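Below is one structure, written out as structure tokens; comments come after it.
The values are calculated or read from the model by the stated rules, or taken from the named source; none is laboratory data. Owing to the predicted nature of the structure, the values given are computational and were not obtained by experimental measurement. Cβ placement follows ideal geometry from the backbone for every residue including glycine, while neighbour counts extend to all protein chains displayed. To get the accessible areas, we keep the full protein, side chains included, count just its heavy atoms, and leave off ligands, DNA and RNA. Shrake-Rupley method; radii C 1.70, N 1.55, O 1.52, S 1.80 Å.
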Amino acid sequence: MFRIRENEIADALTTADLWQIMLKEVPPIAAEYFIGGAGSLNTLKSNVLAFQQVTLAPSGAIKHKKIETKTKIFGQELSVPFFTAPVGSLRTLWPMGDAVVSQVAGEFGTATTLSTLSMTPMEKVAEASSGPKWLQLYLCGGVETAKRGIKRAKDAGFSALVLTIDTAVSGDRIAHARMKPMDAVSSIFSGPRKIARAIHKVKLAPQMIPRTGWLWRHFNDGGMLPFVNVTNERGEPMPYAGIGEQLASSAVTWSDLPWVKEAWGDQPLIVKGVHCAEDALKAEELGATGVIFSNHGGRQLGQAIPSLQIVAEAMPKLHAAGSKLDCAMDGGVRSGLDVLVGLSYGLKAVGLGRVVAGGLGAGGHMGTSRAFELVKEDLIRSMELLGVQNISQIHNQGEKLRRESMVLGTAHLPEFYF
Ligand SMILES: Cc1cc2nc3c(=O)[nH]c(=O)nc-3n(C[C@H](O)[C@H](O)[C@H](O)COP(=O)(O)O)c2cc1C
């Protein structure tokens, strides 16, 4: 009934183009959650800036017959060295959003990570994908609830568990809070400030009217759904409104790792939200197979170390300590060139968060596929231009591929989009 912006998506040449289409398609009250940087957006912007400031040194007169992008991480083969990072509430961008993302990831031969705070049943997400499925775990609802989720994930065929450790409380996402999202989704017939909430809803009309496609799809898909992958002992899902307080009362500590590992069993256990080598080694000591260096896409601590800097500092230390961890990162990756830069530090793969959200919000399956395609094409082109044929060569040449820039300041860098 409502047309997808097919031509605009096909014409998108960068993931920033897709992000701009997403902002046209999705009303600000819903889109702001995905922009969602903490505090002054300093961490979010530095994540992106850190990649833009890297310079690379190509080797000339090299033409490889075929570029090979496959990698192996957490014991699993991926056709491309990037995977989808867990992003909550994807279903507010597109009907069955998490399943659409997992389907596309499978089509590109790679893994999808489903967020605990998702609104699509994990069984549907698993069914949709022909690739590896990983479940990200928060301990919302407590130990028994988490164990129920872990069992469900094992039964549904998820092959890695990603435990996020950087959410002791939710970050201060000021722009999102100013939009009063809870007032927008709560009923005006009960609770305090009924009139204020009714007025708030009416005031949203101007952003909804030009976005009737989103509105129609959203309500046809069930509107604001509960978090169906977090269920209580009666099988009831956690309501959307419970999220903030649930996160704060269920922060992960190191003492949780042993029982999580035992409940999950022999498959890979990954710790996400690691900011330094010391925490990575601690995770390894407690039985983790791998880590994802991440500052949660700049959504948690304002002024955290940019993700790429975490990697640059931590990887040599892990190497020196003889660590056997498989390492990945996320945060600020916007292109295939960024993927390559991440791999040059010895990472096996990198995660994409907002790039995937931007594609999904721009146009469901088509937009998400275009996002993957743009990153993959840019990776292959960058490998050809650098003179490297496969991921091992990127690992082997490592720091020889990068050079310190002589250009001071940031005036030469592109505008920040997302
Ligand atoms: C809207 C949004 C929701 C997110 N939800 C989760 C989540 O539920 N669990 C989690 O571990 N990380 C979550 N993250 C963090 C991502 O997994 C990832 O660390 C981050 O998006 C990477 O940065 P990027 O967006 O610059 O790629 C979320 C990120 C975004 C943008």
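Of the GluC sites (Glu not before Pro) in the range 1-100, which ones lie in a loop per DSSP and count no more than 15 other C-beta atoms within 10 Å?
Numbers: sites: GLU6, GLU8, GLU25, GLU32, GLU68, GLU77; in loops: GLU68.
Taking the range 1-100 and a limit of 15 other Cβ atoms within 10 Å, the loop GluC sites (Glu not before Pro) found are GLU68.
When the accessible area of the chain is split by element with a 1.4 Å probe, what percent falls to carbon and sulfur?
Heavy-atom surface of the chain belonging to carbon and sulfur, 1.4 Å probe: 56 percent.
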Using the alpha-carbon centroid of each, what span in Å lies between the range 6-30 and the range 201-251? 22 Å
Could you give the length gained by full extension between ILE195 and TRP259, i.e. 0.36 nm per residue of separation minus their alpha carbon distance, to one decimal place? 18.4 nm
Helix-only [θ] at 222 nm, the chain, -39500 (n - 2.57) per DSSP H run of 4+, per residue, nearest 500, equals -13000 deg cm²/dmol
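Note down the relative contact order for the range 1-147 as a percent, whole number, built from C-alpha pairs under 8 angstrom at least six residues apart. Please list the in-between numbers first.
Details: 156 pairs, mean separation 22.0, N = 147.
Dividing the mean separation by the residue count of the range 1-147 yields 15 percent.
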At most 11 other C-beta atoms within 10 Å and a DSSP loop state: those are the exposed trypsin sites (Lys or Arg not before Pro) I care about. Give me the longest piece of the chain that has none. 67-233
Enter the accessible area per residue of the chain (Å², integer; probe 1.4 Å; all protein chains in place). 43 Å²
Any residue on another chain or 5+ positions along whose placed amide H is under 5 Å from the amide H of ASP326 is listed here as GLY290, VAL291
So, in nm, how far is label VAL185 from label LYS154 when the simple model puts each one 7 Å beyond its Cα toward the Cβ? 3.1 nm
Distant-in-sequence amide H partners of LEU137 (H built 1.01 Å from N, under 5 Å): VAL162, LEU163, THR164
Given H placed 1.01 Å from N in the peptide plane, which residues other than close sequence neighbours of ALA349 have an amide H under 5 Å from its amide H? MET329
Between the modelled labels at GLN393 and GLN309 (7 Å from Cα along Cα→Cβ) the distance in nm is 3.3 nm
Net charge of Cβ neighbours under 13 Å - reference VAL100; Lys, Arg +1; Asp, Glu -1: 0
Step through the residues of the range 111-122 one at a time and calculate ³J(HN,Hα) from phi using the Karplus curve (6.51 cos²θ - 1.76 cosθ + 1.60, θ = phi - 60°), rounding each to whole Hz and writing x for Gly and Pro. 9, 10, 10, 8, 6, 4, 8, 10, 10, 10, x, 4
Taking θ = phi - 60°, what integer Hz values does the Karplus form 6.51 cos²θ - 1.76 cosθ + 1.60 yield along the range 400-416, in sequence order, with x for Gly and Pro? 5, 6, 9, 10, 5, 7, 8, 8, 8, x, 10, 4, 8, 8, x, 4, 7
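Hey, got the dipole for the chain? About the Cα centre, +1 on K and R Cβ, -1 on D and E Cβ, debye to the nearest 20? Could you put the intermediate results ahead of the total?
Numbers: 43 positive and 39 negative charges, 145 e Å.
About 700 debye.
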A correct Karplus calculation of ³J(HN,Hα) over the range 226-239, with 6.51 cos²θ - 1.76 cosθ + 1.60, θ = phi - 60°, whole Hz and x for Gly and Pro, returns x, 7, 6, 9, 10, 10, 7, 5, 8, x, 7, x, 6, x
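What is the packing order of peptides 35-41, 411-417, 302-308, 338-344, taking the mean over residues of other C-beta atoms within 10 Å and listing the highest first? All intermediate terms of the calculation are to be shown ahead of the outcome.
Working: 35-41: 19.3, 411-417: 10.4, 302-308: 22.0, 338-344: 26.6.
Ranked from most to least packed, the peptides come out as 338-344, 302-308, 35-41, 411-417.
So which DSSP H runs in the chain come out at 18 Å plus along the axis (Cα) with average Kyte-Doolittle of at least -0.5? Mind dumping the intermediate values first?
Details: long enough: 143-156 (20 Å, -1.05); 307-320 (20 Å, 0.51); 354-386 (33 Å, 0.27).
Answer set is 307-320, 354-386.
Starting from the Cα gyration tensor of the range 291-416, take the square roots of the eigenvalues, sort them a ≥ b ≥ c, and report rounded, prolate or oblate (rounded when a/c is under 1.5, otherwise prolate if a/b is larger than b/c, else oblate). Write out the running numbers ahead of the final one.
Values: a/c = 1.37, a/b = 1.25, b/c = 1.10.
Rounded shape, in that the Cα axes give a/c under 1.5.
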Full extension from GLU144 to SER249: what is 0.36 nm times the residue separation minus their Cα-Cα distance, to one decimal in nm? 36.4 nm
